[in-house]
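K.L.:
Before I ask anything, here is the structure I am working with.
The values are calculated or read from the model by the stated rules, or taken from the named source; none is laboratory data. What you see is a predicted model; the values in this text were computed from it and never measured. In this analysis, Cβ positions are derived from the backbone assuming ideal geometry, glycine residues included, and neighbour counts consider all displayed protein chains. Accessible surface is based on the protein model in full, side chains and every heavy atom, while ligands, DNA and RNA are left aside. Shrake-Rupley method; radii C 1.70, N 1.55, O 1.52, S 1.80 Å.
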Amino acid sequence: MAIESDEVRTKAAELLDAGAHEPLDTMRHSAAHVMAAAVLELFPGAKLGIGPAIRDGFYYDFDLPRALTPADLEAIEERMRAQVAADLPFERTELDRPAAIEHLTTEGQDYKVEIVRELPDEDARVVSFYRHDSFSDLCRGPHVASTGRLGPFKLLNSAGAYWRGDEKRPMLQRIYGTVWEIQEDLDRYLWRLEEAKKRDHRKLGRDLDLFSFHPESPAAPFWHPRGMALWRALEDWSREVRASGGFSEVRTPSLVRKELWETSGHWELYQDNMFVLDDHDHVSGLKPMNCPQEILVYKTRSHSYRELPIRYADYSVLFRKELTGALSGMFRVRQLVQDDSHVFCRDDQVIDEINLALKLVRMQFAPFGVEPTFKLATRPEKRLGSDEFWDMAEGKLQTALDESGTPYSLDVGGAAFYAPKIDIFFEDALGREWQNATVQLDYQLPQRFDLEYRAADGGFERPAILHYAIYGSFERFTAVMTEHFAGAFPAWLAPVQAMIIPIADRHLEYAARVRDELTAAGMRAEVDDRSERMQAKLRDAQEQKVPVMLVVGDRDEEAGAVSPRLRTGESMQGVPLGEFVAELRRRVEARELWPYPQSGEAGAD
Ligand SMILES: [Zn+2]
Ligand SMILES: [Zn+2]
């Protein structure tokens with residue numbers, strides 16, 4: 001029922017780290033062992049959590065007597081280097097479960113004891129440990145042959161992390177590090193991290209006057225005029241994509257009584273994430289999702305099989321009771337809008353509708369210059385429904401992926417407990433991977449709400465529901481795209497597409513005429529009429545990453561022309577105004593990645 005939760009599911013078997021099969025992953029996980037050994041040298045009583053390889057590096061969680069400082073990380077790194085220089089071999093040993101528990105208890109490693117206790121029997125017949133020097137760790141392996149095999153590495157930072165992602169369990173300290181095969185790769189990765197800091201959407205949001213955050217409403221952005229212009233551009237595009245897919249738009253209320261959430265299951269499963277309000281004689285909740293309300297719209301009249309599929313788009317405001325204080329800017333907000341889509345369809349239409357969703361995903365991502373990749377998340381261990389149901393539902397998603405020639409990978413066991421889904425990822429300009437979109441196939445809500453349609457034979461049948469959002473939330477997508485483009489948005493997205501810069505005050509009137517022509521053509525243009533020097537205005541517009549600057553002087557005015565200068569450096573003289581307006585409009589309407597390359601992009605400067 002489309003309860004999208006970020007909760008970390010950490011089964012004991014998954015906590016038995018590793019799963020590292022790529023050579024680089026093996027090296028990364030081995031580096032985590034070396035780091036843990038170094039931490040134990042510095043803090044002899046430290047308790048160990050888990051230490052997996054992750055994308056671009058590794059981490060390890062520690063329970064330590066005090067908070068780590070940057071000087072600690074240097075000392076840990078120093079000791080790691082000594083271990084690498086000593087080229088100590090990794091050796092595997094095996095124990096049965098009781099012996100492993102006894103060994104770890106003697107060592108005072110409570111978290112590891114917990115992992116071994118909870119291992120399913122088939123994983124616990126042989127519990128393996130890897131040792132190098134005097135440090136041994138519960139581990140599935142594999143590892144590099146010896147510590148000397150580690151490539152160039154660096155410890156990055158430390159952060160708090162709850163044991164097993166559970167806020168009711170102890171807060172551990174997680175140290176992140178990165179290791180690569182060659183120095184060049186490490187340097188490139190460290191450059192990417194530096195670049196990511198410069199591109200931080202909270203900083204760019206301030207510098208470009210897009211949005212702000214205020215303690216009076218924590219974890220909820222305040223959108224400024226320029227930010228709203230960007231939002232509208234995103235929204236217009238999403239609406240255009242939905243219209244091409246045969247969607248119609250609905251809007252449903254924010255404040256909804258508890259009874260609806262009880263029927264949908266949110267009351268039982270999602271209440272902790274909802275703002276619950278006392279509404280006179282009733283208990284109500286602010287909606288965290290749109291689906292139950294749209295179902296009420298569907299149920300207002302009877303439907304025949306001929307009417308299906310019915311496709312609703314919904315851009316209303318959602319509320320989620322996220323913890324505040326996390327400095328994650330727009331990545332985690334309490335008030336958000338999704339480009340939400342719900343399709344009510346017959347069973348024989350499900351595959352076509354998934355295909356349509358995949359097509360719309362590709363279409364909507366194209367003008368951002370990112371390539372979506374797809375992952376099919378299959379049945380988890382704990383699930384509702386029979387194996388036949390899962391075979392059928394997974395089969396439909398798989399068939400749609402195959403039929404549309406979409407390459408995909410499998411996320412085995414990654415589905416929600418009630419149905420499989422397709423998760424959609426993309427890499428940004430810095431090579432970071434993001435997941436915003438998900439296509440979810442749902443037979444649960446139709447059943448809970450007793451949905452039906454009249455079939456061809458006159459009987460009643462139950463429709464399926466497909467849930468998807470492509471941007472995900474506008475807030476998060478704006479943050480990702482601000483960092484992806486380093487604030488240098490293509491013209492179709494840019495809050496100000498053209499900044500008109502009069503050379504002298506006598507050109508103000510003509511500058512206003514140029515702006516009006518652009519505005520009349522639907523473009524976003526402003527005149528910089530401050531009494532600054534032209535060079536200063538050009539510099540400011542460049543810093544604001546405005547795609548086109550139009551310097552207007554005597555010659556332009558006489559000829560009814562403009563002299564455009566692009567953010568990327570190209571410039572032209574005396575382009576007839578009408579010609580320029582038509583050209584800009586053409587590029588904006590085609591949603592071209594222009595001007596290109598985006599400034600600040602890798603290799604662009
Ligand atoms: Zn290991
Ligand atoms: Zn939904």
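K.L.:
Given all pairs of different Cα atoms, what value in angstroms does the Kirkwood hydrodynamic radius of the stretch 337-436 take?
P.N.:
14.6 Å
K.L.:
Dipole size in debye (nearest 20) for the chain around its Cα centre, Lys and Arg Cβ +1, Asp and Glu Cβ -1?
P.N.:
840 debye
K.L.:
Take every Cα-Cα pair in the stretch 233-381 and report what % of them are more than 20 Å apart.
P.N.:
The share of Cα pairs beyond 20 Å in the stretch 233-381 comes to 61 percent.
K.L.:
Could you give the alpha-carbon Rg of the chain over 2.2 N^0.38 Å, rounded to two decimals?
P.N.:
Normalised Rg, Cα atoms only: 1.12.
K.L.:
Projecting each Cα onto the charge dipole of the chain (Lys/Arg +1, Asp/Glu -1 at the beta carbon, about the Cα centre), which of ALA400, PRO23, LEU210 comes out farthest on the positive side?
P.N.:
Comparing the listed Cα positions along the dipole, LEU210 ranks first.
K.L.:
For the chain, what does -39500 (n - 2.57) per DSSP helix run (n ≥ 4), summed and divided by total residues, give at 222 nm, in deg cm²/dmol to the nearest 500?
P.N.:
-11000 deg cm²/dmol
K.L.:
Another one. Tally up the carbon and sulfur contribution to the accessible surface of the stretch 118-254 as a whole percent, 1.4 Å probe, everything protein left in place.
P.N.:
49 percent
K.L.:
For the stretch 498-586, give the share of DSSP beta bridges that are antiparallel, in percent and rounded to the nearest 5; count only bridges with both residues there.
P.N.:
Once the DSSP bridges in the stretch 498-586 are tallied, antiparallel ones form about 45 percent.
K.L.:
Once a ≥ b ≥ c are taken as the square roots of the eigenvalues of the Cα gyration tensor of the stretch 391-451, is the result rounded (a/c under 1.5), prolate (a/b larger than b/c) or oblate (a/b not larger than b/c)?
P.N.:
prolate
K.L.:
Can you tell me the 0 to 90 degree angle between the C-alpha axis of helix 387-403 and the longest principal axis of the chain, rounded to 10?
P.N.:
Value to nearest ten degrees: 40.
K.L.:
Here is a follow-up. Ordered by packing density, taken as the mean number of other Cβ atoms within 10 Å over each peptide's residues, highest first, how do 30-38, 78-86 rank?
P.N.:
Peptide ranking by packing, descending: 30-38, 78-86.
K.L.:
Starting from a Cα-only point model with no solvent, please compute log10 I(q)/I(0) by Debye for the stretch 123-269 at q = 0.17, 0.18, 0.20 1/Å.
P.N.:
-1.21, -1.25, -1.33
K.L.:
Another question about this same structure. Classify the stretch 481-605 as rounded, prolate or oblate from the Cα gyration tensor: take a ≥ b ≥ c as the square roots of its eigenvalues, call it rounded if a/c is under 1.5, otherwise prolate when a/b beats b/c and oblate if not.
P.N.:
prolate
K.L.:
Quick check: pseudo-label points 7 Å beyond the Cα along Cα→Cβ at LYS359 and GLU403, how many nm apart are they?
P.N.:
1.1 nm
K.L.:
A further question follows. I need the phi-derived Karplus couplings for the stretch 490-502: 6.51 cos²θ - 1.76 cosθ + 1.60, θ = phi - 60°, integer Hz, Gly and Pro marked x.
P.N.:
Once θ is set to phi - 60°, the couplings for the stretch 490-502 become x, 3, 5, 9, 4, x, 10, 8, 9, 10, 9, 10, x Hz.
K.L.:
Separate question: By the gyration tensor of its Cα atoms, with a ≥ b ≥ c the square roots of the eigenvalues, what is the shape of the stretch 305-372: rounded for a/c under 1.5, prolate for a/b over b/c, or oblate?
P.N.:
oblate
K.L.:
OK, next. Residues with beta-carbon under 13 Å from that of PHE365, excluding PHE365: net charge, scoring Lys, Arg +1 and Asp, Glu -1?
P.N.:
In short, -1.
K.L.:
Expressed as an acute angle from 0 to 90° and rounded to the nearest 10, what is the orientation of the C-alpha long axis of helix 577-589 relative to the principal long axis of the chain?
P.N.:
Compared with the principal axis, the helix lies near 30 degrees.
K.L.:
In addition: Could you work out how far helix 23-42 tilts from the main Cα principal axis of the chain, as a 0 to 90 degree angle to the nearest 10?
P.N.:
For helix 23-42, the angle is close to 70 degrees.
K.L.:
Around ALA536, with a cut-off of 12 angstrom between Cβ atoms, what is the net charge of the other residues, counting Lys and Arg +1 and Asp and Glu -1?
P.N.:
Charge balance near ALA536 sits at 0.
K.L.:
Can you work out the base-10 log of I(q)/I(0) for the stretch 175-238 at q = 0.12, 0.26 1/Å, using the Debye formula on its C-alpha atoms alone?
P.N.:
Result of the Debye calculation: -0.52, -1.07.
K.L.:
Radius of gyration and Dmax for the stretch 89-167's Cα atoms, expressed in Å?
P.N.:
14.7, 39
K.L.:
Give the accessible surface of the chain per residue, rounded to a whole number of Å², with probe radius 1.4 Å and ligands, DNA and RNA excluded.
P.N.:
Averaged over the residues of the chain, the accessible area is 46 Å².
K.L.:
Write down the percent of antiparallel bridges among all DSSP beta bridges whose residues are both part of the chain, to the nearest 5.
P.N.:
85 percent
K.L.:
For TRP267, TRP492, give the ranking by accessible area with the largest first, probe 1.4 Å.
P.N.:
Highest to lowest solvent-accessible surface, that is TRP267, TRP492.
K.L.:
Return the carbon/sulfur percentage of the accessible area of the stretch 428-546, one whole number, probe 1.4 Å, all protein chains in place.
P.N.:
That share works out to 42 percent.
K.L.:
Separate question: Taking H placed 1.01 Å from N in the peptide plane, check which residues at least 5 places from GLN335 or on another chain put their amide H under 5 Å from its amide H.
P.N.:
Placed amide hydrogens put ARG320 under 5 Å from GLN335.
K.L.:
Counting only C-alpha contacts under 8 Å and six or more residues apart, can you give the relative contact order of the chain as a whole percent?
P.N.:
That works out to 10 percent.
K.L.:
What are the ³J(HN,Hα) values, in whole Hz, obtained from phi via the Karplus relation 6.51 cos²θ - 1.76 cosθ + 1.60 with θ = phi - 60°, for each residue of the stretch 142-152 in sequence order, with x given for Gly and Pro?
P.N.:
Whole-Hz 3J(HN,Hα) from phi for the stretch 142-152: x, 10, 5, 5, 7, 4, x, 7, 5, x, x.
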